[in-house]
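Encoded as structure tokens, the structure appears first; notes follow it.
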Amino acid sequence: WGESGNIDIIAGDLLTTMFCDCRYRDSPVGLSVLENLKEKSRAVRTIGVRRYALFSKEGFAKDLTDYARRHSDVTLVSLRDICGF
């Protein structure tokens, strides 16, 4: 996808493209991870709406959760959301 790095998952249709980053680490994911994903996604030509999803074993830092609440194009999914624990 270019020289700017890799993106874990890219999925979409004619209306929307979803860019996803998956983190299995022992610390919450912060806003810088989303900013990095957005930067890497610029190398991918798309049509329609761009959306972003972050998956994290340890959840998310406050800066990122605050941002996601204000931006409907960002989805946050923790291991707890998936497994219920």
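Annotations
- Pairs with Cβ under 7 Å, 6+ apart, first in region 45-60 and on the phi > 0 side of the Ramachandran plot and of a type outside the set (A, V, I, L, M), second part of a strand (DSSP E or B) and surrounded by 19 or more Cβ atoms within 10 Å (Cβ to Cβ): G48/T17
- Filter result for I7 (at pLDDT below 95 and within 26 Å of C83 (Cβ to Cβ)): yes
The values are calculated or read from the model by the stated rules, or taken from the named source; none is laboratory data. For clarity, every value in this text was computed on a predicted model and none was experimentally measured. Note that each Cβ is placed from the backbone with ideal geometry, even for glycine, and that neighbours are counted across all protein chains shown.
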